[in-house]
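Below is one structure, written out as structure tokens; the observations come after it.
The values are calculated or read from the model by the stated rules, or taken from the named source; none is laboratory data. As the structure is a computational prediction, the values presented were derived from the model and not from experiment. In this analysis, Cβ positions are derived from the backbone assuming ideal geometry, glycine residues included, and neighbour counts consider all displayed protein chains. The protein model used for the area step is the full one, side chains on, heavy atoms only, and it has no ligands, DNA or RNA in it. Shrake-Rupley method; radii C 1.70, N 1.55, O 1.52, S 1.80 Å.
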Amino acid sequence: MVRAGNLTTYSKEHPVQRVLKVSQVHRNPRQPREYRNEDALNELATSIDKYGLMQAIEARPDNERGGYEIVAGERRWRAHQILGPPRCATIISEKNELQRFKRSMSENVTREDMTPFEEAHGYQRIPDEEEGATIETVAADFAKTTTYVKLRLALLDLRIESQELVQDGKIGTQAAVQIAALNLADQGSVLSKFVRGEFAADNEIVHFAYAMKQQQDQAVLLVVEEMTEEQRTERAAAQKKTRSTLDTIEQVRELLDEIARTKPLKLAETLETQVGARLDQLDRVAEWLTKARWQLKQAKAHAEARKLVSVNPEAEADSSTEDSVDRELAAA
């Protein structure tokens, strides 16, 4: 590579690499990424100005509009526009349109400023236009898991109002995926709660929407008034046992508070050689406390969702996706 002033040129060893006027090159209107981070673009321009263009822009001859249409490197082209050099190093591509789109997607899919919806629309275009393409082949094209691509595509099922909130960064992608799994009526219920400010954080949306989905997929909801006498008896016994268990845990909390207020030196003297074993004991308690707390968090979401859910008896949960969702919820 040879750099002269602000203009970067390349050796002629590459037969399809040329130095074109910046004005000869234009963006692809079907480029998968629309959102631009201006600060990041200015940083790139500064880097090119200081060190030169490390990778040439890739473009194709545009027989309809004239000049050359960008295949990959729009950010580099925009950076040249900021800097003002009249020319830019360009590799001339002969790929077909879908191949060029894949090339552009591949370049952009790992960038932080590519929005989830740009990514989702990009994934969707490939099976729409490529014969034999599947979610599995799309995932392989971009080194993603099948589940990842499915969850991105699920975002396209969101109501427009929710899409706008996700685009604005007010609702996170993980929460959006859970909302998108709901029917439009239940999506509206989640959206209404969000607008009223009833969710303190994204993970609360995740748990609530997932609870709604589980209840939505039931053929019927068990209503107390419709229970048999036997079912009511079993329910009452379960309530009594669970509440008693939680009351006992509250007593354990008082015992733990006593340990927490004891000075470490005093504990060491009291427990002597048992300190390590007792610490392991508390670690096990903490592990199961975390699991129990997660279950109660889900129970709270179910209790709230039950008041709003619209049951769909024809819905069938995708078990292959549910396993990954369960893991994501546990981390939320």
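Taking the criterion of being modelled with pLDDT of 75 or more and in contact with a Cys (Cβ under 7 Å, 6 or more places away or on another chain), would at least one residue in segment 12-21 satisfy it? Within segment 12-21, none of the residues are modelled with pLDDT of 75 or more and in contact with a Cys (Cβ under 7 Å, 6 or more places away or on another chain).
Residue by residue, here is whether (1) open to solvent by 50 Å² or more (accessible area, probe 1.4 Å); (2) among the acidic types (Asp, Glu); (3) closer than 23 Å to PRO116 by Cα holds:
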residue: ASP141; (1), (2), (3): yes, yes, yes
residue: TYR148; (1), (2), (3): yes, no, yes
residue: ILE171; (1), (2), (3): no, no, yes
residue: ALA175; (1), (2), (3): no, no, yes
residue: LEU182; (1), (2), (3): no, no, yes
residue: ALA211; (1), (2), (3): no, no, no
residue: THR228; (1), (2), (3): yes, no, no
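Scan segment 50-66 residue by residue and report those that are within 22 Å of GLU107 (Cα to Cα) and either open to solvent by less than 50 Å² (accessible area, probe 1.4 Å) or in contact with a Leu (Cβ under 7 Å, 6 or more places away or on another chain) (or both). Outline the logic, then answer.
Of the residues in segment 50-66, the ones within 22 Å of GLU107 (Cα to Cα) are 51-62.
Correct list: GLY52, LEU53, ALA56, ILE57, GLU58, ALA59, ARG60, PRO61, ASP62.
Number of residues in segment 162-199 that are outside any helix (DSSP H, G or I) and under 19 Å from the mean Cα position of the chain (by Cα) equals 8. When you scan segment 93-128, how many residues do you find that are modelled with pLDDT under 85, open to solvent by less than 20 Å² (accessible area, probe 1.4 Å) and of a type in the set (A, V, I, L, M)? The total comes to 3. Looking only at segment 116-144, residues that are within 18 Å of GLN178 (Cβ to Cβ) and either not acidic (Asp, Glu) or not in a helix (DSSP H, G or I) (or both) come to 3 in all.
Among strands (runs of 3 or more DSSP E) entirely within segment 48-93, having at least 1 residues that are basic (Lys, Arg) singles out 57-61, 87-92. Looking at segment 239-287, which of its residues are outside any helix (DSSP H, G or I) and either basic (Lys, Arg) or in contact (Cβ under 8 Å) with a residue 12 or more places away in the chain (or both)? Residues satisfying the conditions are ARG261, LYS263. Screening ARG235 with (1) of a type in the set (D, E, K, R); (2) modelled with pLDDT of 90 or more; (3) within 30 Å of GLN178 (Cβ to Cβ) gives one miss only, at (2). The residue that is modelled with the highest pLDDT, counting only those in segment 200-218 that are closer than 17 Å to HIS302 by Cβ and part of a loop (DSSP other than H, G, I, E, B), is ASP217.
Any idea which residue in segment 257-311 is surrounded by the fewest Cβ atoms within 10 Å (Cβ to Cβ), counting only those that are hydroxyl-bearing (Ser, Thr, Tyr) and over 28 Å from GLN215 (Cα atoms)?
Top of the filtered list is THR273.
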